[in-house]
1. Between D194 and K90, what is the label-point separation in nm under the 7 Å Cα-to-beta-carbon projection?
2. Angle, helix 169-186 long axis vs. longest principal axis of the chain, Cα atoms, 0 to 90°, nearest 10?
3. Heavy atoms only, probe 1.4 angstrom, no DNA, RNA or ligands counted: give me C434, C255 ranked by accessible area, highest first.
4. What size of dipole, in debye to the nearest 20, comes out for the chain about its Cα centre when the only charges are +1 on Lys and Arg C-beta atoms and -1 on Asp and Glu C-beta atoms?
5. Long-range amide H contacts for A348: which residues qualify at under 5 Å (H placed 1.01 Å from N, peptide plane, sequence gap of 5 or more or a different chain)?
6. Please report the Cα spread of segment 226-343 along all three principal axes, rounded to whole Å, starting with the longest.
7. Report the far tail of the P(r) of the chain, meaning the percent of Cα-Cα pairs longer than 44 Å.
8. Which percent of the accessible area of the chain is formed by carbon and sulfur heavy atoms (probe 1.4 angstrom)?
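The values are calculated or read from the model by the stated rules, or taken from the named source; none is laboratory data. What you are looking at is a predicted structure, and each value in this text was computed from that prediction instead of being measured. When we count neighbours, we look across all protein chains shown, and the Cβ atoms used for this are built from the backbone with ideal geometry, even at glycine. SASA here: full protein model, heavy atoms, side chains in, ligands and nucleic acids out. Shrake-Rupley method; radii C 1.70, N 1.55, O 1.52, S 1.80 Å.
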Amino acid sequence: MKKEQTATNPITEGVIWKHLLIFFFPIVVGTLFQQLYNTVDAVIVGRFVGKQALASVGGSAAVLSNFVIGFFTGLSAGATVIISQYYGAKDVRNLNKGLHTAYAFSLLVSVLISAVGWFATPALLRILKTPADTIPDSILYLRIYFLGILFTLIYNMGSAIMRALGDSKRPLYYLIICCFLNIILDIVAVIFLDMGIAGAAIATVISQGVSAILVTRSLMISYDLLKLRLRAIRIHKDLLKPELRIGLPGGLQSCAYSISNIIIQAVINSFGTDTAAAWAAFGKLDAIFWTVCGSFGITIATFAGQNYGARKYPRILKSVRVCLAMALGVGIALIAFLFAFCQPLYYAFTTDPEVVEIGIYMLRLITPSYIIYIFVEIFSGALRGIGDVLAPTLIAMGGVLIVRLSWILFVTPLTGELSTLLYSYPLAWGATACCLIPYYFRRRKRLTAN
């Protein structure tokens, strides 16, 4: 333990650009592998079962599962921020209390989500106006998914805690193992055993279960300052309160995004199965950008959190500048890649030419505006790292709930055009950026005054 306490922490003392990259790459690669869980399901069922199955796995089912995971990820951010700050301050006692509180919270939430998800799935799919020919498969997929939600939440919380400590490599290794396991199980269950949608869902749950076990074991044996003990898992009220204070706004922000996506999914479904399938495939390609952008957000939040705990405020600001420059460079390259290769990428999901044509139209309309959101992600990640979450959350929710939903509910019906609906994305991102960027610079001035 003494060695761990006296060792140099590269996040608070090393070369910033170098250690941003070292920390970022395992996160982005790991998150891409995590995205492969559901993407592999979509590719295999789309190619070997049909476009209705693709719409079932990647349409309404994906929106609802993303709603749950997004809300929990927002909540868990509270735990990771607190843990990163205690780690930066070398507060071993509260560091371990925060870990056990986070695990206990994950267990309780997973039981609640499993119960609600099982019974509410049919009604939720009807609310989303899911095409009738995809509802049975969507119900089956989601119910199996919700039964295994414990593994997903444990992995997400555990890996987030590991990254908060500055360890982004182990979560990557575990995801690579489990992603290949998921691919093998998908092929066996869907193609050879002809289990269809159920096979894809079961393969995903088993793979997530393995990843949850690996992460939990690592937290039990791999760190000196922090040790997970199964018998010590319980809620510490003095730690739960600050974790929720920071995490709840993030969870509500994710809910706002998810609610808007649910409403958009309902409108998309009204255009028919071809459009729903195209949107499902677009969601998988779209995830490439959000995976990278979100990984930069996690990186800067961890750097800001640990340096805030160590009271190295100028280092926080320099880290933000460097991280923003990196994110912009990578984001522009990704936009160019998606534009250039969208057609062959779509054909990986389906050979239906109508679905591909609609999907290419969606992608080329939305992706240029991704560049706007990079500023939102980096600045909000930095603010989250120092524990400032309320104002950024209100700004983001305003952009989503006021701008995007108003556009969807009042402007889109006037034209009934798919393009009008899609414009709601860049409009919401632009409005959010216009409010968040000035707020960040005002907050920056207060930080430098310290």
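1. Reported label-point gap for K90 and D194 is 6.5 nm.
2. That helix lies at roughly 20 degrees to the long axis.
3. Details: C434 100, C255 20 Å².
Accessible-area ranking of C434, C255, largest first: C434, C255.
4. Working: 36 positive and 20 negative charges, 480 e Å.
With Lys and Arg at +1 and Asp and Glu at -1, about 2300 debye.
5. Answer set, sorted by chain and number: none.
6. In descending order, the Cα extents are 51, 36, 25 Å.
7. On the way: 8649 of 101025 pairs.
Considering the chain, 9 percent of its Cα-Cα pairs are separated by more than 44 Å.
8. 68
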